[in-house]
Amino acid sequence: MSEQSSATAVAPPGKPDPAPAPARSPHSGAGWFAARFAVIGVWLLLAVLYGVLRPETFLTAGSFKVVFGSQQALVFLTAALLCTIVVGEFVDMSVASNFGLAAVLVTVLNVQHEWGVWSAALAAVVASTAVGFVNGWLVVKMGVNTIVVTLGMGTFLLGVSLWLTDLMPVSGLPSDFKMIALQQVAGLPISFFYGLALMLGFAYVLQVTPLGRNLRFVGENREVARLAGVRVTRVRWGAFTTAGLIAGLGGVISAAATGGFDPNSSQAYLLPIFAATFLGTAILQPGRFNPMGTWIAVYFLATGVLGLQLLGATSWVSSVFYGGVLVLAVTLSTRLHQRAR
């Protein structure tokens, strides 16, 4: 019998056909692990490298607190950006300015207009939520391009913040109010745990709840989602509004931590926000925007910048590092998404 005929021979009568060899999943083994945890491995290698090169400065409690205790603004801002990204609105350029507006409002209302600090904080969060609501109305109901709306809104809010502060940093929030951000828990400010809880809650919603499935569904294909009965307009509009709410909360917490805010600094967050959010698609869930991957990416970037500064790099290094990571992250995100599809 030839090789070909023997390869296709069947089992003798009375015996079951031999089971086919199981197909090897393309998502198993080393490739599966590397796609999800490679960035975390690079993060650990960076920490080891900096620790070897600068043990007297990097391997200290101070460096640990700089990395994990000072990134809460970015955590809230990336969470706000993720709200719109998961429903397919990839570029919300207003979140940083909206964050800055909340930080400015709580300070100006309390210090200059003598509002109670909690009333001022509530007003600031409401104002930022309203901005998100208006963004959603313009994009979803009026059909205006997302980039045009959010870029224009971001510039408008920056101008309002500069007008409210007369182009100057503002400060003077009560010292006891600072404790909502700076209260120490396990050696870190409590605001670190706010950010962790926010991202864990966001991940739970996306992974487990019907709302999360609808958000993903709308982000993948709006028309198919609409035909399946998902209220696409409500989901998209709600995403913009929630983004405003999270940006407002982050702005108030940031103002509490520093006792005030410099409105000019809000635009410096834009590049790190996008770098961390896109880098997050190469962590834990390849090709997908996911909260915990983004959370890890925030601290990966903070570690990289701090280490380079300790090695002697000047202030320009953060722009180079964040810009380079953003280009790399977008490339990785595109490739992983193509493979996933």
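The values are calculated or read from the model by the stated rules, or taken from the named source; none is laboratory data. Since the model is a prediction, treat every value here as computed from it, not as a measurement. FYI the Cβ positions are ideal-geometry reconstructions off the backbone, even for glycines, and counts take in every protein chain you see.
General observations
- Flag for Leu328 being more than 30 Å from Asp166 (Cα to Cα), of a type in the set (A, V, I, L, M, F, W, C) and more than 16 Å from the chain's Cα centre (by Cα): yes
- The residue pairs whose first member lies in region 218-234 and is touching a residue at least 60 places away in the same chain (Cβ under 8 Å), whose second member is of a type in the set (Asp, Glu) and not in a helix (DSSP H, G or I), and whose beta carbons are closer than 9 Å, counting only pairs six or more residues apart or on different chains, are Gly219/Glu89.
- Scanning region 80-108 for residues being buried (at least 24 other Cβ atoms within 10 Å of the Cβ), under 22 Å from Ser161 (Cα atoms) and either of a type in the set (A, V, I, L, M, F, W, C) or without any contact (Cβ under 8 Å) to a residue 60 or more places away in the chain (or both) gives a total of 11.
- Residues of region 130-168 satisfying the condition of being closer than 23 Å to Leu271 by Cα and either touching a strand residue (DSSP E or B) at 6+ places or on another chain (Cβ under 6 Å) or of a type in the set (S, T, N, Q) (or both): Asn135, Asn145, Thr146, Thr150, Thr155, Ser161
- The set of residues in region 288-341 that are in a loop (DSSP other than H, G, I, E, B), closer than 21 Å to Phe37 by Cβ and at pLDDT below 80 is empty.
- Ile246 β-branched (Val, Ile, Thr) and modelled with pLDDT of 95 or more: yes
- Region 260-280: number of residues that are of a type in the set (Asp, Glu) and under 12 Å from the mean Cα position of the chain (by Cα): 0
- Filtering region 59-79 to residues that are touching a strand residue (DSSP E or B) at 6+ places or on another chain (Cβ under 9 Å) and surrounded by fewer than 24 Cβ atoms within 10 Å (Cβ to Cβ) leaves Phe64, Lys65, Phe68, Gly69, Ser70.
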